Amino acid sequence: MEYMFDHDVLNIRRRELLHLKWTTRVYDPIQSHILSKIRGKDFDNLLFHKRLLYNEFLAKSNRKVSVCFLYIKLLNCFHQYPCQLSL
């Protein structure tokens, strides 16, 4: 019984170490490269313009249809990162 418990604990620890190695060797370098490309010269201007367009969309939709909130909720359900929707 003790052996089974120790074996399970060792398997969990091994998986944690493998994940840590993968994160430091693969994920972090790729993520930093992607962020360096995204955060270029006009990143803040791009975000501001994106939010401005989104607010205009909300204002027009709220004037035309009263189900705009439902539309936004549906969009958020289908996107893992709702703040990164391309409008």
TODO: Can you tell me how much longer the chain between residue 59 and residue 44 gets when fully stretched, taken as 0.36 nm per residue apart minus their C-alpha distance, in nm with one decimal?
DONE: 3.1 nm
Open item on the list: With N set to the number of residues, divide the alpha-carbon radius of gyration of segment 3-47 by 2.2 N^0.38 Å and report two decimals.
Closed with: 1.98
Open item on the list: I'd like to compare 7-13, 46-52: which one has the highest average count of other Cβ atoms within 10 Å, and what's the full order after that?
Closed with: 46-52, 7-13
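Rule-based calculations on the coordinates, nothing more; no lab input. Since the structure is predicted, the reported quantities are computational estimates derived from the model, not experimental observations. Here the Cβ is made from the backbone with ideal geometry for all residues, glycine too, and neighbour counts use every protein chain on show.
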